[in-house]
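Rule-based calculations on the coordinates, nothing more; no lab input. Predicted model only: the values in this text are computed from it and were never measured. Note: ideal-geometry Cβ built from the backbone for every residue, glycine included; neighbour counts use all protein chains shown.
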Amino acid sequence: MGINRRDLFKLALAGGGAAVLDPSPNVWSSTAAPLDPDRWGMLVDTTRCIGCRNCEWACKEQNQLPSAPLAQFSDAAVFESLRRPDPTSYTVVNRFAGPDGAGRPVYVKVQCMHCDHPACVSVCLVGAFHKEAIGPVEYDAWKCMGCRYCMVACPFQIPAYEYANAFNPVVRKCTFCFERVTREGKLPACAHICPEEVMTFGRRSDLLKAARERIARHPKKYIPHIYGEHEIGGTAWLYLASVPFEQLGFPVLGHTPVNKVNETVQHAIFKHFVPPIALYSFLGAMMWIHRDQDE
Amino acid sequence: MSHVEEALPVEKPLLTPGVFLLLGLMAVGFGFAVYRYLYGLGAVTNLNNQYPWGIWIGIDVASGVALAAGGFTTSALAHIFHRKHYHAIVRPALLTAMLGYTFVGMSLLVDLGKYYNIWHPILPSMWQGNSALFEVAMCVMAYLTVLYLEFVPILIEGLKGKLNLPAPLSVLRGPVESLLQQGWFRKIVDLADRFFGKIMFLFIIAGVVLSCMHQSSLGALMVIAPYKMHPLWYTPALTLMFLLSAIAVGYPMVVFESMWAARAFGRKPEMEVLGPLAKLIPFFIGLYIVAKVSDLVIRGAYVHLFDGTFQSNMFLVEFGLGVLLPFFLLLSERVRRSPKGLFICAALYVILGVLLNRVNVFLVAYKPMYATRPYVPAIGEIAITVAMISALILCYRVIVSVLPVLPAPEGDEAPQGG
């Protein structure tokens, strides 16, 4: 079977720049990511976080990253500037002004969101990233070439690179404690240590229900937005907050997965290689037709 | 007049001050490259987790690929549409493309964190067809092979009596002569000559198809980052923009380098070929303008044109001076017939229209949300890019001196074949 009309139509749309206007983003699904309906999620209730940064310490311990004694993590001076995950910290907590700029500040833990339609998985040309059906987005360093396209693609700007490593620099990011959870049956290290139960680990679908209930029960406490429910097609990590998320350093994102346009075009071009072969045949025909035009 | 102009090696001394300057620039870049391999990307670049791509991607790779477009556009014109008139420019364009892509590969060896894994995309177990970069990688590898194969006949012609070995390459004369006297070697050359004569058309068409594919996919790379790109450049149709601008830059690039080479070698520019070629340029730039303007209008991005920000100003320079200005100038026959006017127009489109466009798309338009300061290339990045360009020019200079690439200067007698 050759290319069908639907594919041609999709190609025309994407080429013409209209694919992004597709009104039904949820119908589309990347071929790279079959998703388990029972896949994991993590609900982060930022209204509970006290900024103790124990999660940062636990994460470093779990992933054997350069660290310091737990006591040093209570130093609040780090909140003076906005921090981002780096090759030695898969997660960091930042402080923001509370509702109306007064009262208790809001602390927000940042790490890989483990997207349902991960851009990093979609763009990696050697498949160094993959999405586990159960949720985590994992990275195989041995495949990686170090092109850093994943960092360009990630809408949350999460993957961090070991620029200082000359011989074997790799991309670093949160693993969702995939090994720890599946092999040892424990909670992810950050959720395990958290004294305030900021994080709830569980089935993503259950967490969404729980989040909606919390919003319904405390409509004054929460803004009616579960960040990650729909953002770029949905993420495993979900957030609740008392102030709009753009005030908490979250990017404002639409509901369409960012890899949709690219993958639609790629699939249309590579489906049975019809466009390249058609172009090859056309040029061959032109060459034949014009063969006698020599002066 | 014969219908195909003869190509000959350039009979000029090789060791000129210009060549020594190139060698000096290459040495500086080489020093920084050694440093990069010993101490890592962080030691010589200003790249960080916000800006993972710098000028090595924006200039060396993206612009390098775009400016090599003269190769496939002239080969399509001369070989597929059989406009024999243009045969004189096919070989220099082919050489530029071959060297351009070679240096794209070399630059990637510097830029890739794990450069020793550069071969991974050829392993079927790692193929990842959803990635636009995968398509770019495969097509570039295939096209580079095609370019080398397309170059083989020029090498054969050289070996069959048109080889020129100026000092310091003259030390090779002895070994080459004795090799050429071997019967078996001449047999291989003859066999290759006949073989390539028969199947070259397959490679010529493949070269055009592969070029169209990866030139466009290179634009698709940034389609993945809608939230980080400035709206004046971001469009889901970036793929189409890259293809059209690459096609449009092919002939201006040929004009640009042909006139530059003519000046460097003290020859008259070949206006009888470049003039008619220049007539095609406004058509292709026009197609790009129509696509780009429609895109700005449809997406409503034109409202950002006069924001006065660094980005909108860069766009105005790129599109106003680099695209619209040469387009309108080239509509005039007087400009096209004047060597100076033609050279300026071609240079404008090549440097501001396309090179700046690629830099803009990959670097200027890219606004990561948590960046605290903008990316400015480090001295090491600039030195290595300059070294790459110098090495490319030097290779071009050496190859046109050794092999029959450039058309024989007017009124020159062909030297006796040996």
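Its Cα centre serving as origin, the protein assembly as shown has a Cβ charge dipole (Lys and Arg +1, Asp and Glu -1) of approximately 620 debye. Based on alpha carbons, the Rg and Dmax found for the protein assembly as shown are 28.4, 96 Å.
A Stokes-Einstein calculation at 37 °C with viscosity 0.692 mPa s, built on the Kirkwood radius of segment A:40-248 over Cα pairs, returns a diffusion coefficient of 185 µm²/s. Test of understanding: in a Gaussian network model of chain B with alpha carbons linked when under 10 Å, which of B:Arg336, B:Arg299, B:Arg91 would top the mean-square fluctuation ranking? Most flexible of the set in this elastic network: B:Arg299.
Counting alpha carbon pairs within less than 8 Å and at least 6 residues apart, what relative contact order, in whole percent, applies to segment B:114-225? Numbers along the way, then the final one.
Working: 57 pairs, mean separation 52.0, N = 112.
It rounds to 46 percent for segment B:114-225.
Sum up the charges of everything whose Cβ sits under 13 Å from the Cβ of A:Pro195, counting Lys and Arg as +1 and Asp and Glu as -1, but leave A:Pro195 out. Walk me through the numbers before you get to the answer.
Details: positive: A:Arg48, A:Arg53; negative: A:Glu196, A:Glu197.
Charge balance near A:Pro195 sits at 0.
Dipole magnitude for segment A:133-182: computed about the Cα centre from +1 point charges on Lys and Arg Cβ and -1 point charges on Asp and Glu Cβ, it is near 80 debye.
Calculate how large, on average over all directions, the projected area of the Cα convex hull of segment B:225-375 is; give the answer in nm² to one decimal. Could the numbers behind the result be given before it?
Values: hull surface 38.6 nm².
Convex hull of Cα atoms, orientation-averaged projection: 9.6 nm².
So what's the projected area for segment B:1-137, the Cα convex hull averaged over all directions, in nm²? Don't jump to the answer; show the numbers that get you there.
Values: hull surface 49.5 nm².
Mean projected area of the Cα convex hull: 12.4 nm².
Excluding B:Val19 itself, what net charge comes from residues whose Cβ is under 12 Å from its Cβ, given Lys and Arg +1 and Asp and Glu -1?
Details: positive: B:Lys12, B:Arg397; negative: none.
So the environment of B:Val19 carries a net charge of +2.
Taking a 20 Å limit on the Cα-Cα distance, which of the listed pairs B:Lys84/B:Lys160; A:Lys143/A:Lys173; A:Lys186/A:Lys221; B:Lys160/B:Lys268; B:Lys12/B:Lys268 fall beyond it?
Where the Cα-Cα span goes over 20 Å, the pairs concerned are B:Lys84/B:Lys160; A:Lys186/A:Lys221; B:Lys160/B:Lys268.
Angle between the Cα long axis of helix B:183-220 and the longest principal axis of chain B, 0 to 90 degrees, nearest 10? Around 10 degrees separate the two axes.
Placing unit charges on the Cβ atoms of the charged side chains and taking the dipole of the protein assembly as shown about its Cα centre, the candidate lying farthest along the positive direction among B:Gly58, B:Tyr86, B:Val208 is B:Gly58. Most fluctuating residue of B:Leu392, B:Leu23, B:Leu238 in a GNM of chain B with Cα springs under 10 Å: which is it? Most flexible of the set in this elastic network: B:Leu23. Take every pair of alpha-carbon atoms less than 8 Å apart whose residues are at least six positions apart; their mean separation over the length of chain B yields a relative contact order of 35 percent. When the chymotrypsin sites (Phe, Trp or Tyr not before Pro) in segment B:107-170 are filtered for DSSP coil states and for at most 14 other beta-carbon atoms within 10 Å of their beta-carbon, the remaining sites are B:Trp119. With respect to chain A, whose longest principal axis is taken over its alpha-carbon atoms, helix A:204-217 is tilted by about 50°.
Run through every distinct alpha carbon pair of chain B and return the Kirkwood hydrodynamic radius in angstroms, one decimal place. Don't skip to the answer; put the middle values down first.
Values: mean 1/r = 0.0441 Å⁻¹.
Its Kirkwood hydrodynamic radius stands at 22.7 Å.
A crude spin-label estimate for the pair A:Ile134 and A:Phe282, with each label 7 Å from Cα along the Cβ direction, gives 4.9 nm. Label reach from B:Tyr116 (point 7 Å along Cα→C-beta): in segment B:33-53, amide nitrogens under 18 Å belong to B:34-42.
Do you know the relative contact order of chain A, to the nearest whole percent, from alpha carbon pairs under 8 angstrom that are 6+ apart?
26 percent
Charged side chains reduced to their Cβ positions (Lys and Arg at +1, Asp and Glu at -1) give chain B a dipole of some 180 debye around its Cα centre. Taking chain A as a Gaussian network of alpha-carbon nodes connected by springs under 10 Å, the highest mean-square fluctuation of the residues A:Gly254, A:Gly103, A:Gly233 belongs to A:Gly103.
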